[in-house]
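Note sheet for the following structure.
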Amino acid sequence: MFETLKKATLDKIFVLMAEYAADPRTGKIDLGVGVYKDPGNNTPIMSAVKKAEQRILDGARTKTYKGVVGNKEFSAAIVDLALANTVEASRIRCVNGAGGTGALMILMHVLGRARPGGRIFISDPTWPNHIPLAENAGLEVHYYPYFDPRSRAVDFDAMIKVIDGLNSNDTILLHGCCHNPTGANLTPAQWDRVVESLRRTGAFPLVDLAYLGFGDGIEADAYGVRKVATSVPECMIAFSASKNFGLYRERAGVAIAIARDSETADVVSSQMQNIIRGTISQTPDHGAEVVRVILEDKDLRAEWEAELTEMRERMKRLRVKLADAIRQRSNSKDFDFIAQHSGMFSLLGLPEAVVTKLKLDDAIYMINDSRINVAGIPEDRVGELADKLLAAIR
């Protein structure tokens with residue numbers, strides 16, 4: 001049976017994780033995997049999460065199924081968090097996903113059924129997993145320009161030129177905030193222009209909302225997704241609780257579909273449920289219930305928001321420190337963009353040979369396209385990191 005198979009390509013992030021774990025050198029620095037890290041280089045469990053888990057444990061009476069749509073209260077709390085009552089509830093349908101990736105999988109498969117072989121436009125660059133997710137759903141992947149490697153900013157003129165040329169059979173995948181891998185984000189005015197184009201062309205927006213609250217705060221980060229949801233007749237949103245609640249392994253996400261009316265929304269809901277039933281049958285619930293408990297409790301929500309603010313501000317501080325350290329040592333503003341971007345990631349624009357040199361010579365690990373996880377920067381070694389980056393470039 002297996003003689004017909006060829007070895008599949010392993011995900012480069014997980015390969016890098018294994019290499020980092022096997023490296024015996026002390027002082028190694030992990031800027032690769034996209035998880036939040038505290039000053040002790042740990043990925044902590046948020047205190048609000050621990051309290052919610054204890055409450056769930058104390059009150060648990062069953063482990064029976066929640067149903068194919070999953071935890072409805074969790075979905076409702078996320079819709080409120082992301083959209084803040086800006087869309088008529090009768091047009092919204094949700095199912096839980098196994099993380100944000102699971103939510104994307106469900107939504108893309110619905111789109112693949114709605115438009116078999118249809119075109120989906122994805123930013124260049126993007127999170128690499130967007131591509132196989134779309135291809136596995138039977139969608140034809142195309143790209144729109146997003147990032148200018150020279151200016152280290154959004155190449156909006158090139159981006160909007162492609163978006164203006166889409167049609168009503170096309171889907172466009174938009175990063176809701178904190179673009180992965182670049183860290184360069186659309187301004188509110190640019191979101192307005194994108195939405196104006198979508199209204200004119202009828203192209204269908206799918207918003208990947210994986211980092212709400214990690215950029216400039218929940219309200220600011222939600223501008224784009226709310227603008228889309230309130231401006232077009234139909235759209236989809238994939239929400240992830242991995243980053244902003246620190247629930248990576250719990251796989252808590254929501255697939256949100258907004259239709260033009262309630263009847264159409266019911267049809268879409270039936271398709272989402274059918275996809276879940278035919279793949280994983282039921283979605284996990286522990287992480288979903290944790291989030292529900294937090295968002296429905298005033299005190300726990302306030303505690304979570306305070307922790308989220310602390311995480312966000314720490315990443316901003318690390319950005320500024322690294323940019324300042326490089327500028328002081330090089331008398332150049334070439335890396336000032338690090339401080340100007342937001343979210344967990346920045347794309348440094350280093351050649352792959354330099355990335356490899358940093359790994360082999362200095363035990364500094366990053367993705368081969370030079371994406372770094374800002375939260376992985378050791379705050380007490382910023383100057384050392386700047387020195388090694390500059391030495392590798394020279």
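Each value in this text was obtained by applying a stated rule to the coordinates, not by laboratory testing. All of these numbers come straight from a predicted model, not from anything done at the bench. Cβ: placed from backbone, ideal geometry, glycine included. Neighbour counts: every protein chain shown.
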Self-check item: Proximal aspartates and glutamates to Lys12, defined as alpha-carbon separation beneath 15 angstrom and excluding residues fewer than eight positions away on the same chain
Solution: Asp30, Glu352, Asp369
Quiz item: Going by the alpha-carbon gyration tensor, a ≥ b ≥ c the square roots of its eigenvalues, is region 195-290 rounded (a/c under 1.5) or, if a/c is not under 1.5, prolate (a/b greater than b/c) versus oblate?
Solution: oblate
Quiz prompt | Extension gain, Asp124 back to Asp334 (0.36 nm per residue minus Cα-Cα distance, nm) | solution = 73.4 nm
Quiz item: For region 89-223, what class follows from the C-alpha gyration tensor (a ≥ b ≥ c being the square roots of its eigenvalues): rounded when a/c is under 1.5, otherwise prolate if a/b is larger than b/c, else oblate?
Solution: rounded
Exercise. Provide Rg and Dmax in Å for the chain, with only Cα atoms included in the calculation.
Key: 21.1, 63
Exercise. Could you go through region 340-347 in sequence order and give the Karplus-derived ³J(HN,Hα) for each residue, using 6.51 cos²θ - 1.76 cosθ + 1.60 with θ = phi - 60°, rounded to whole Hz, and x for Gly and Pro?
Key: 7, 7, 9, x, 7, 10, 9, 9
Quiz item: What are the residues whose amide H is under 5 Å from the amide H of Gly165, where those residues sit 5 or more places off or on another chain and H is modelled from the backbone?
Solution: none
Quiz item: Residues in region 174-208 near a label at Asp261, defined as backbone nitrogen under 11 Å from the 7 Å Cα→Cβ point?
Solution: none
Quiz item: Over what distance in Å are the Cα centres of region 1-22 and region 39-66 separated?
Solution: 32 Å
Exercise. Post the alpha-carbon centroid distance, region 303-345 to region 96-110, in whole angstrom.
Key: 31 Å
Self-check item: Relative pair counts by distance (%), Cα atoms of region 65-296, 5 Å bins
Solution: 1, 7, 15, 20, 22, 18, 10, 5, 1, 0, 0
Self-check item: Highest-first arrangement of 370-383, 63-76, where packing means the average Cβ count within 10 Å
Solution: 370-383, 63-76
Quiz prompt | Placed amide H near Tyr144: partners under 5 Å, 5+ positions off or other chain | solution = Ile122, Ser123, Asp124
Quiz item: Given charges of +1 on the Cβ of Lys and Arg and -1 on the Cβ of Asp and Glu, with all other atoms neutral, how large is the dipole of region 25-73 about its Cα centre, in debye to the nearest 20?
Solution: 120 debye
Quiz item: Whole-Hz Karplus ³J(HN,Hα) for region 247-260, in order, using 6.51 cos²θ - 1.76 cosθ + 1.60 and θ = phi - 60°, x for Gly and Pro?
Solution: 9, 3, 7, 7, 6, 10, x, 9, 9, 10, 10, 10, 10, 6
Quiz item: Counting pairs on different chains as well as pairs 8 or more places apart, how many Lys pairs in region 65-296 have Cα atoms under 27 Å apart?
Solution: 5
Practice problem: Enumerate the aspartates and glutamates that Lys388 could reach by cross-link, defined here as Cα to Cα under 12 Å, with residues fewer than 8 away along the same chain left out. | Solution: Asp361, Asp362
Quiz item: Hey, how many Å between the Cα centroid of region 166-184 and the Cα centroid of region 348-394?
Solution: 27 Å
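Can you classify region 273-388 as rounded, prolate or oblate using the Cα gyration tensor, where a ≥ b ≥ c are the square roots of its eigenvalues, rounded means a/c under 1.5, and otherwise it's prolate if a/b beats b/c and oblate if not?
On the way: a/c = 3.16, a/b = 1.70, b/c = 1.86.
Oblate, because a/c is 1.5 or more while a/b does not exceed b/c.
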Self-check item: Cα→Cβ-extended label distance, 7 Å offset, between Thr64 and Ala21, nm
Solution: 3.8 nm
Self-check item: Dipole in debye (nearest 20) - the chain, about Cα centre, beta carbon charges: Lys, Arg +1; Asp, Glu -1
Solution: 380 debye
Quiz item: Suppose every K and R has +1 on its Cβ and every D and E has -1 on its Cβ; what is the size of the dipole of region 65-296 about the Cα centre, in Debye to the nearest 20?
Solution: 320 debye
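Of all DSSP beta bridges located in the chain, what percent are antiparallel, nearest 5? Display every interim value, and only then the final one.
Working: 18 of 37 bridges.
Restricted to the chain, the bridges split so that about 50 percent are antiparallel.
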Quiz item: Ranked by Cβ crowding within 10 angstrom, fewest neighbours first, how are Met108, Met46 ordered?
Solution: Met46, Met108
Quiz item: Tell me, what HN-Hα J-couplings in whole Hz come from the Karplus equation 6.51 cos²θ - 1.76 cosθ + 1.60 at θ = phi - 60° for each residue of region 363-370, using x for Gly and Pro?
Solution: 6, 9, 9, 8, 4, 5, 8, 6
Quiz item: Taking amide hydrogens as modeled 1.01 Å from N in the peptide plane, which residues meet the under 5 Å criterion relative to Val207, leaving out close sequence neighbours?
Solution: Leu174, Met236, Ile237, Ala238
Practice problem: Please give the contour-minus-distance gain from Ala302 to Arg394: 0.36 nm per residue of separation, less the Cα-Cα distance, rounded to one decimal in nm. | Solution: 28.4 nm
